[in-house]
Amino acid sequence: MEGLSTRGRYATRVMLYLVGRGRGDPVRISEISTAEAIPQNYLEQLLVRLKVNGFVRSVRGARGGYVISCDPASVTVMDILEAVEGPIQLAPCIRETCTRGVTCVTRGLWREASDAMNDVFRSYSLQSLADRVKEIETQSREPDYSI
């Protein structure tokens, strides 16, 4: 089973990184690339797709870079995945015409599983994931007095 491509996973990480940086100063591609361990040329391609879909905007100039241009509370993981991947489905026969479509018992199974997966992606906003990041960072900074 293949799963999500790096495109979708990386785009989600990039958006979370930008949410964490806030709407302040633009973030350079080189900084994002280093922080998220994403090759810079691949990151540029992702940022173009995210920009076209209105999730980020670019700022030109010496202090230029990218900033988030959407409300993190209203953007879901599904929105990001669809922006860079297209429709997310487990099997191509779900949306395409299949010669076995009428008699294929498994087509309904693949559709149901895809719907469940997509429901999970729709249930997480960027803000909810960013809040989880803050929670984890806070917990990792708390002193541990155990012996």
Q: For Val120, indicate whether it is modelled with pLDDT under 95 and either touching a Cys at 6+ places or on another chain (Cβ under 8 Å) or loosely packed, with under 14 Cβ neighbours inside 10 Å (or both).
A: no
Q: Being loosely packed, with under 11 Cβ neighbours inside 10 Å and not in a helix (DSSP H, G or I) is the filter here, so list the residues in region 88-108 that pass it.
A: Glu96, Thr97, Thr99, Arg100, Val102, Thr103
Q. Restricted to region 47-66, and to residues that are farther than 18 Å from Val77 by Cβ and either in contact (Cβ under 8 Å) with a residue 40 or more places away in the chain or assigned to a loop (DSSP other than H, G, I, E, B) (or both), which residue is nearest to the chain's Cα centre (by Cα)?
A. Tyr66
Q) Between a first residue in region 73-102 that is farther than 20 Å from Tyr42 by Cα and a second residue that is at pLDDT below 75 and small (Gly, Ala, Ser), which pairs have beta carbons less than 9 Å apart while being 6 or more apart in sequence or on different chains? A) Cys93/Gly101
(Q) Within region 1-59, take every residue that is among the hydroxyl-bearing types (Ser, Thr, Tyr) and buried (at least 19 other Cβ atoms within 10 Å of the Cβ) and give me the one that is farthest from Ser125 (Cα to Cα). (A) Tyr10
Q) Looking only at residues in region 67-87 that are surrounded by 11 or more Cβ atoms within 10 Å (Cβ to Cβ) and among the polar types (S, T, N, Q), which one is modelled with the highest pLDDT? A) Thr76
Q. Looking only at region 119-136, which residues are under 9 Å from Met78 (Cα atoms) and either charged (D, E, K, R) or assigned to a helix (DSSP H, G or I) (or both)?
A. Asp119, Val120, Phe121, Arg122, Ser123
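The values are calculated or read from the model by the stated rules, or taken from the named source; none is laboratory data. Model, not experiment: these values are computed from the prediction. Note: ideal-geometry Cβ built from the backbone for every residue, glycine included; neighbour counts use all protein chains shown.
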